[in-house]
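Nothing in this text is a laboratory measurement; each read-out follows from the coordinates by a stated rule. Quick caveat: nothing in here was measured; it's all calculated off a predicted structure. Cβ placement follows ideal geometry from the backbone for every residue including glycine, while neighbour counts extend to all protein chains displayed.
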Amino acid sequence: MNKIFLWIVLAVIILGLLLILLNTRMGQSGDAPVPADNSVSAPVKPAPPVAQPPQPVTPGTPADGEKLAAAGVKPSPAAVERGFAFETGEETPATAESPAPASPGTTPLTAAAHDEKAPAAAPAAPAAPAEVKKAEKPAPKPQPAPKPQPAPKNQTITNFVVFVRDGGATIRLDASSPIRFKHLELTSPSRVVVDLHGTWKLSEPGVPKGEMVKDVRLGKKGSDTRIVIDLHAKAKTRYILTKGKKRLDIRLDKTK
């Protein structure tokens, strides 16, 4: 009874394998039947292969393998691992893996996407604040010119002398108060004009004969006292104040 049961199981397994192989060949070939007559018919596009659901596999036993080997069925190496698959000499073409479709709503990454990841440009430097102009100080008002002090009264020239020397002459005035004066050199004829500030008491000096001084004259110029020295020729003139500005020396020298 055990042998009969094993043979029945084996026959069922072989029949199931043959059905699986037949279905696989029919699904892979997909060729249309050739018409009986010789007329040319339009080519029929092969139907796309229909994926078959995997069939449940029952692992075989060593006894089944011995019976199959006795029946002349040679198992393949892969079949041996599964326990009951057998080599039939037919190759099952490998189906090309198609690329997985992109999920909806997904946009391929492009160079623009990389550009978006680029760091943003550095913000522009803030504009320098406008310089605040400092309030300009108002220009100081011009100060009025100091009024000239009035000349002291009772001013006196205590000594008025003309000295003659080689190459020139010197005129000396000694005063009772500091001397303030203005001077001017004139030509045609040559003469020197000295204006003493204020009113002075003085008398004309004696003029010795010489090559430089011709005469000395006194006069008025407004409120000032004027002294005019007439010369024989043009001279180089120097004015020297000493003794607290109470002595004035007028040096006259020949010009080369």
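Here are a few things to note about the model shown:
- At most 14 other Cβ within 10 Å, DSSP loop - trypsin sites (Lys or Arg not before Pro), the range 141-195: 153
- Prolate/oblate/rounded call for the range 138-234, Cα gyration tensor, a/c under 1.5 rounded: prolate
- Close amide-amide hydrogen proximity is noted between residue 177 and 156, each under 5 Å apart and 5 or more residues distant or on a separate chain (H modeled in the peptide plane; Pro and chain starts excluded).
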